[in-house]
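Take a look at the structure below.
The values are calculated or read from the model by the stated rules, or taken from the named source; none is laboratory data. What you see is a predicted model; the values in this text were computed from it and never measured. For neighbour counting, all protein chains shown are included, and Cβ atoms are generated from backbone atoms with ideal geometry for every residue, glycine included. In case anyone asks, the SASA skips ligands and DNA or RNA and just uses the protein heavy atoms, side chains included. Shrake-Rupley method; radii C 1.70, N 1.55, O 1.52, S 1.80 Å.
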Amino acid sequence: CGGSISDSSGMLQSPFYPGGYPNNADCVWELQVENNFRVMLTFRDIAMQSGRCEYDYIEVYDGPPHSSPLLGRLCSGSFPTYISSSNMMTVRFHSDSRYTFRGFQAHYSSIPADDNTTLLCLPDYMHAVISRDYLQSEGYSVQMVTLNDNRCKPTVTSHEVIFNIPYNGCGTIREENNDTINYSNMIKVTSSGYIIKRKKNIHLHISCKMLHNTWMQTMYVAEDTVNMNENQFGRYDINITFYDSSLFLRQVHDSPYYIDLNQNLYLQAYLHSSDPNLIVFVDTCVASPDPHDFNTLAYDIIRNGCVRDSSYATYYSPYSHSARFKFNAFEFISRHTLVYLQCELVVCRLGDYSSRCYQGCVNRSKRDTSSAEKKVNVVVGPLQLREGDAQSRSTS
């Protein structure tokens, strides 16, 4: 029932399809394909409580559900096809507590977007590319293309004009809304001629919007001069590293990392971003012997900001982009050859005391837990018990 999906194609269906779907279901699937591709979703079967789609329904959003337009709401009838304007689409399935039916089945795939312009929101800068063939077909030359701050020059290749625009320079504007951080800039394509202009100037408005931990990348053209729209979505880049002491000076690069039972393990989560006004919060860390399954057999160290293991402790970090913490190697590891750690981290605006990063321990209701809250998942490990400890435990 729901989840984040990054495969290039696949199938979606309601729980227990083609058997009856459960009551009070609320499933949210986030489909995210490669940059500069779009999502195509085709419904193959829909059998739900019909009418005005008030009780049981499917909603399709053109991006994240809380910030994107609704493409359609359906519960019966024809089998439509939807195409996203970006590399992300969200599908929500909802049922009430009354009737149950067969449900729905849909197929999704990725299709290439046009290659006139592309935009990537990388950790330290916006990477905007304009095709020289496109410029030439519209009657513009490379010399006409400049950034809003014309001191920041593009790299020109035989096929492309490339701008690498930092988030904290080259005239980039930073704005904050309720739960959004927006970095914007503008690329100008200026028509030649001072007295008579045969063509309009083109303004390419570029923006990278951050919702929780999701980057939304957009490029659009002012004045309807050219029909050019680019939307992309990505994720924050965060890694977790083991350190050999509470001084956090020397990283541990061993894999697997051999440890003793009850040994202190020191970890640092670090966010790669050029924006200094962000903070990282450790929401959940779970240990498991299976790096692909942190539900079946797992041990909670911290969950929803609530400490579950008595050895867990946090350390002061001089950088807002990092969070430091420790816990002890536990009995769980003595029963499994290898143990992996999955941590869920949240990125917020520094000083925004209403955000998740400043709330600490939150006991969530069942509905909140199942909703598609945006977080960054990082898996590290494996951890392995030293040979001597394993032998002494087996003989005893």
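For VAL379 and THR42 in one chain, what is 0.36 nm times their gap in residues minus the Cα-Cα distance, to one decimal in nm?
118.0 nm is the gain from fully extending VAL379 to THR42.
Show HIS253, HIS127, HIS292 ordered by accessible area, largest first, where the area counts protein heavy atoms only and the probe is 1.4 Å. List each step's numbers first, then the result.
Numbers: HIS253 145, HIS127 45, HIS292 170 Å².
From most exposed to least exposed: HIS292, HIS253, HIS127.
What is the spin-label model distance, in nm, from ARG151 to THR81 if the labels are put 7 Å beyond Cα along the C-beta direction?
5.1
If I take R0 = 22 Å and measure r between the Cβ atoms of ASN164 and ASP237 in this structure, what FRET efficiency does the formula 1/(1 + (r/R0)^6) give, to the nearest 0.05?
Given R0 = 22 Å and the Cβ-Cβ separation, E is 0.85.
By accessible area of protein heavy atoms, probe 1.4 Å, what ranking do GLU160, GLU344 get, highest first?
GLU160, GLU344
Taking the full set of protein chains and a 1.4 angstrom probe, give the accessible area of ARG324 in square angstrom, rounded to the nearest 10.
40
Using a 1.4 angstrom probe and counting only protein chains, how large is the accessible area of LYS153 in Å², to 10?
Solvent-accessible area, nearest 10 Å²: 150 Å².
Give the dimensionless ratio obtained when the Cα radius of gyration of the stretch 255-356 is divided by 2.2 N^0.38 Å. Each step should come with its number before you reach the end.
On the way: Rg = 14.7 Å, N = 102, 2.2 N^0.38 = 12.8 Å.
The value comes to 1.15.
How many angstrom lie between the Cα centre of the stretch 125-139 and the Cα centre of the stretch 282-300?
45
If you count only protein heavy atoms and use a 1.4 Å probe, how large is the accessible surface of GLU176, to the nearest 10 Å²?
Approximately 90 Å² for this residue.
Could you give the length gained on full extension between TYR17 and ARG250, defined as 0.36 nm per residue of separation minus the Cα-Cα distance, in nm?
Working: separation 233, 0.36 × 233 = 83.88 nm, distance 5.15 nm.
Once the chain is fully extended between TYR17 and ARG250, it gains 78.7 nm.
Take HIS66, HIS94, HIS321 and sort them by solvent-accessible surface of the protein heavy atoms, 1.4 Å probe, largest at the top. Intermediate values should be presented prior to the final figure.
Working: HIS66 95, HIS94 40, HIS321 20 Å².
In descending accessible area the options line up as HIS66, HIS94, HIS321.
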